[in-house]
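Heads up: the structure comes next, in structure tokens.
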């Protein structure tokens, strides 16, 4: 206990500087507010550096703050001298100014914006209610109030984006507080929430529920009337708001203490009140990319084309509920930012970003945000070298879509794992199954089968759950985990067929059928199904990977290399990465390029979730490349995992053509595994 108190006191002593960005910018040193320079550029530069994740180039700062200046670097030096006077101390120099870059080290300071971000992104159980209440009070003002700078459009654009970002974080904080406190206090937080998110139907519905439970019917009626007019003024459907109010009153009359509020998935289409555990998919909106070049009077339309392309590609995957282009563009034209649009549309995730032409090249910044928590799930920037705009948009669109889907799948899998199994809906049960499936052990495969079956029981139309179940039976046959191989072959095929019946346009259904056909020895038909999967969705990574797999065993080995490379480009951190690497190794063996094959085989075997057959690929490839010590090490690890492993197990799994089987058998014999 004493040590904890000492650490707390020591931490407080170190934080002699308190920088506050909500409301007018202010600095407190040891609790005493400091006088700030009149220059808005000094204050703006201080705020910008305080929030920067790393040092910023001097040239970038000059472009940001000085649209027209005789000596921008000289003015920057003057501003930095003023900032030093505010934050530096004799024993602590916080301004880091190098020749080319500038940074601000506030690691020993208190910064309200950072505390808000950490509180929202932290585990809900780790934060105290009193701490959250205090933070809600401290962040009640507008972010960097009154800090717009004349003739600094780049900075003002940054400021608008930051205000939207931190307004979204504050909304997430208020939403968490409202869920955690009694109704009387919850009303206060919910009223604050609807002030900063006035078109968030879920927030309004939660407020109405709390008012109804407290018997404040007149206030609820007035709120519905005023809010409905607000919605209608923006051409948004207010019928779901009225339905939520009627439902809240009916629940109170029946004596039910709480009501589960469901927001509509897009304006005007509220879910039915008795929506089952089956009818749900993660939803996403792609808001128009800000075209910074168009703001400068050139290249308009490129960002709209990219936005349309990403929406279309996501929709083709059919794994997410994707908001149509018309809705997101209509909201953008009315001045709603990506965070506001996401709450209006009631989606789980939102993709947004900015595009700029730099000479003949296109640069794109993009981020994926989880709406209710305001957490940035993924962010990246892309600047391909090609000057061909169409090719660049194709490449960037591919990378955005593949990254977004992979990150959402990971987030949904991790969330599903933390929930009690009895509470899972079909979507969550499916993702719980994926979590186990990608671990590639016999026990986890059994668990994956259980959760896919649960998802199907909850939703018989869930094509991807059938595809997942097909995969588990495929694994049982491929890995030799079942004594009834023919039964597993039949089930893999039957479940793939059920997936196609549920949704013939789902690329995952054709992927499952392609794998099942390959397992039954129908190579050409398997290729056709996998190609159909790619035709339906060029961004469906597993189809590209499995085309590589099928071709690497008995088809076109050169094509296998291409499909393997493309699958890795689309999803460089995929849970199936070991397979993508392994298929490349197998194709290289069939092409006689043994040393290259060995390198790729070793990389595949090093992946944490790879299975014994992958070590077989590495061991035999190394032997063919005459790298015998490494080959024997791989064989030792393989036999430790599966003591009775024989080459017959390897050949039974991969079904190589005659030449492929001859080559791998040759490698196996070299290390005594004939």
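Each value in this text was obtained by applying a stated rule to the coordinates, not by laboratory testing. The structure displayed is predicted, hence computed values, not measured ones. Note that we place each Cβ from the backbone using ideal geometry, even for glycine, and neighbour counts take in every protein chain shown.
Could you check the simple spin-label distance between residue 73 and residue 361, using points 7 Å along Cα→Cβ, in nm with one decimal?
Placing both labels 7 Å along Cα→Cβ, they lie 2.3 nm apart.
Any idea what log10 I(q)/I(0) is at q = 0.26 Å⁻¹ for the range 382-432, Debye with uniform C-alpha scatterers and no solvent?
Reported log10 I(q)/I(0), two decimals: -0.89.
Highest first, please rank the peptides 39-45, 647-653 by the mean number of other Cβ atoms sitting within 10 Å of their residues.
So the peptides 39-45, 647-653, ranked by packing, come out 39-45, 647-653.
Taking 8 Å as the Cα distance limit and 6 or more residues as the minimum spacing, I'd like the relative contact order of the range 14-122 as a percentage.
34
In percent, what relative contact order does the chain have, based on Cα pairs under 8 Å that are 6 or more apart in sequence?
7
At q = 0.19, 0.26, 0.32 Å⁻¹, work out log10 I(q)/I(0) for the range 613-656 with the Debye formula, treating every Cα as an identical point scatterer and leaving solvent out; two decimals please.
For the range 613-656, the Cα-only Debye profile gives -0.53, -0.91, -1.14.
Quick check: convex hull of the Cα atoms in the range 556-674, volume per residue, rounded to a whole Å³?
It is 88 Å³ per residue.
Among 584, 318, 73, which comes first, second and so on when ranked by fewest other beta-carbon atoms within 10 Å?
In increasing order of surrounding Cβ atoms, one gets 73, 318, 584.
Looking at the range 503-588 from every direction and averaging, what is the projected area of its Cα convex hull in nm²?
4.9
With just the Cα atoms defining each centre, how far is the range 86-118 from the range 402-445? Give it in Å.
What the calculation gives is 40 Å, centre to centre.
What spacing in nm lies between the two simple spin-label points modelled at residue 39 and residue 562, each 7 Å away from Cα in the Cβ direction?
5.9
When the distances between all Cα atoms of the range 133-176 are binned every 5 Å from zero, what whole-number percent does each bin get?
Pair shares across the bins are 5, 21, 27, 19, 13, 8, 5, 1.
Can you tell me the Rg and Dmax of the range 283-415, counting just the alpha carbons, in angstroms?
Final numbers for Rg and Dmax: 14.2, 44 Å.
Could you list 109, 62, 92, 79 in order of exposure, starting from the residue whose Cβ has the fewest other Cβ atoms within 10 Å?
Ascending number of Cβ neighbours within 10 Å: 92, 62, 109, 79.
Dividing the convex hull volume of the alpha carbon atoms of the range 159-230 by its residue count, what do you get in Å³ per residue?
Given the Cα convex hull of the range 159-230, per-residue volume reads 73 Å³.
Rounded to the nearest 5, what % of DSSP beta bridges with both residues in the range 14-122 are antiparallel?
85
With axes computed from alpha carbons, what is the tilt in degrees of helix 557-570 against the longest principal axis of the chain, rounded to the nearest 10 within 0 to 90?
Orientation of helix 557-570: about 20 degrees from the principal axis.
How far is the Cα center of the range 302-358 from the Cα center of the range 185-215, in Å?
27
Whole-Å semi-axes of the range 436-500's equivalent ellipsoid, largest first, each the root of 5 times a Cα gyration tensor eigenvalue?
In descending order the semi-axes read 18, 14, 8 Å.
Calculate, for residue 375 and residue 641, the FRET efficiency according to 1/(1 + (r/R0)^6) with r their C-beta to C-beta distance and R0 45 Å; round to the nearest 0.05.
Efficiency for this residue pair is about 0.75.
Only counting other Cβ atoms within 10 Å, I'd like 473, 450 sorted with the fewest neighbours first.
With the sparsest Cβ surroundings first, the list reads 450, 473.
Take the eigenvalues of the Cα gyration tensor for the chain, scale each by 5, and report the square roots as semi-axes in whole Å, largest first.
Taking √(5λ) for each eigenvalue gives 49, 34, 25 Å, largest first.
Quick one: compute a quarter of the convex hull surface over the Cα atoms of the range 327-484 and quote it in nm².
12.6
If R₀ is 41 angstrom, what is the calculated FRET efficiency for the pair residue 234 and residue 57, using the beta carbon separation as r and rounding to 0.05?
E between residue 234 and residue 57, to the nearest 0.05, is 0.50.
Once R0 is set to 35 Å, what does the formula 1/(1 + (r/R0)^6) return for the Cβ-Cβ distance between residue 528 and residue 390, expressed as a FRET efficiency to the nearest 0.05?
0.75
What Kirkwood radius, in Å to one decimal, follows from the Cα pairs of the range 421-538?
The Cα-based Kirkwood calculation yields 13.9 Å.
Would you calculate the separation in nanometres between label points at residue 29 and residue 591, each defined as 7 Å from the Cα along the Cα-to-beta-carbon direction?
6.6
Express the relative contact order of the range 398-500 as a whole percentage, based on alpha carbon pairs under 8 Å and six or more residues apart in sequence.
About 20 percent, as a whole number.
Per the Kirkwood definition applied to all pairs of different Cα atoms, how many angstroms is the hydrodynamic radius of the range 133-253?
15.7
The range 14-122: percent of C-alpha pairs farther apart than 19 Å?
44
When the Kirkwood hydrodynamic radius is evaluated over all pairs of different C-alpha atoms of the range 489-546, what value in angstrom, to one decimal, is obtained?
10.8
Compute the semi-axes of the equivalent ellipsoid of the range 50-203, taking the square root of 5 times each eigenvalue of the Cα gyration tensor, and list them largest first in whole Å.
The answer is 36, 19, 11 Å, longest axis first.
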